[in-house]
Amino acid sequence: MHESKEVADIVGISVRTLHHYDEIGLLQPDELTEAGYRIYSESNLATLQQILFFREIGFSLKKIREITSSPSYNRVEALNIQRRMLLEKRSRLDKMITTIEKTIRHEKGEIEMTASDKFTGFDFGKNQYEEEARKRWGDAAVDKANESVKNTNVQDEVNAIYRKLASLRNKAPDSDESQATIKLWYDCLNNNFGNYSLEAFKGLGQMYLADNRFTENIDQFGAGLAKFMSEAMIVFADRNKK
C-alpha cells in the first residue's frame, strides 16, 4: 500500500494531480485513513499506469474515465491497444525526425526537397486505434450494437449485405454497383448500431485491414472481402463529404 506522496514520487506526478484524479472519479484510492490520507493499492497503481498511457496517446480525462469505468473494459486488451498506438506514434515521430534532418540539409543547400517531402510524418487524421478504443469502451453505440446483434432480422440483414459485397469483391471498389452496395452497409450500421459519421465509417474501413481480427472475420465471406470493403468505404466517405 502506498500514500499519495510515495505514489507521486514513484510515478513522477504531483500529489495535486492524484487528488484531482480522485475528485473527478478517475482514480479513487482503495483506502482513506481517519486522518484523511489516501492509500493506494497495487491495483490502484495498475489503473494509474493505464491512465498515464492513455494520456500519452492523447485521450482526455473524461474519455479515460468512460473507458476505465465501462463494464466491458479489459486491462490486457487496453494494454495491447495502447502498445499499438504508441508504436504508431513512435513510427510517426521517427518519420518527422527524418524530415527535420533532411530539412536541415535542404536549408544548407546539400539536398533538394519537394513540397510533399517537407511534410512527411505529419498526420492530422484520426488514429485508427483511438477509434477502436472509442467504439470498444464507453460509447453508447456499443451497447446498442450488442442489443441489435441479438435480433435475428438484423443479423440476417448483415449477412445478406456481406454476401452481396463478397460477390462484388473482384470489381472496382469505386464502381457504381460497389458504391451502391457499400451504401447499404453504411445505412445498416446507422440504422442498427448507432450513429456513424462519414469519418467514423472511413475509420472503421481502415480498421478492417489494420486489425487481423476484423480481416479474418470478414474474409470468411470471401477471401479479399475486407480489403474490398475497406477501399469501398473510404471512397464512399470521401465522395459524400464533398
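Residues are listed down the side, and each one gets a yes or a no for (1) in contact with a Lys or Arg (Cβ under 6 Å, 6 or more places away or on another chain); (2) among the hydrophobic types (A, V, I, L, M, F, W, C); (3) modelled with pLDDT of 80 or more:
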site	(1), (2), (3)
Gly58	no, no, no
Glu77	no, no, no
Leu87	no, yes, yes
Leu93	no, yes, yes
Ile100	no, yes, yes
Thr103	no, no, yes
- Out of region 73-102, which residues are under 28 Å from Gly25 (Cα atoms), of a type outside the set (A, V, I, L, M) and open to solvent by 60 Å² or more (accessible area, probe 1.4 Å)? Asn74, Arg75, Asn80, Arg83
- Task: Please verify whether region 31-49 includes one or more residues that are assigned to a helix (DSSP H, G or I), basic (Lys, Arg) and open to solvent by 20 Å² or more (accessible area, probe 1.4 Å).
- Result: no
- Item | Complete set of residues in region 1-26 that are among the hydrophobic types (A, V, I, L, M, F, W, C) and not in a helix (DSSP H, G or I) | Met1, Ile13, Ile24, Leu26
- Query: When only residues in region 51-62 that are assigned to a helix (DSSP H, G or I), open to solvent by 50 Å² or more (accessible area, probe 1.4 Å) and touching a residue at least 12 places away in the same chain (Cβ under 8 Å) count, which is farthest from Ala210 (Cα to Cα)?
  - Reply: Leu52
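Any residue at all in region 204-216 that's assigned to a loop (DSSP other than H, G, I, E, B), among the basic types (Lys, Arg) and open to solvent by 40 Å² or more (accessible area, probe 1.4 Å)?
Scanning region 204-216 turns up no residue that is assigned to a loop (DSSP other than H, G, I, E, B), among the basic types (Lys, Arg) and open to solvent by 40 Å² or more (accessible area, probe 1.4 Å).
Take Val154 and decide whether it is part of a helix (DSSP H, G or I), at pLDDT below 80 and more than 25 Å from Asn80 (Cβ to Cβ).
Judged against the criteria, Val154 is a match.
The values are calculated or read from the model by the stated rules, or taken from the named source; none is laboratory data. As the structure is a prediction and not an experimental result, all values here were calculated from the model. Cβ: placed from backbone, ideal geometry, glycine included. Neighbour counts: every protein chain shown. Calculation scope for accessible area: heavy atoms of the full protein, side chains included, ligands and nucleic acids excluded. Shrake-Rupley method; radii C 1.70, N 1.55, O 1.52, S 1.80 Å.
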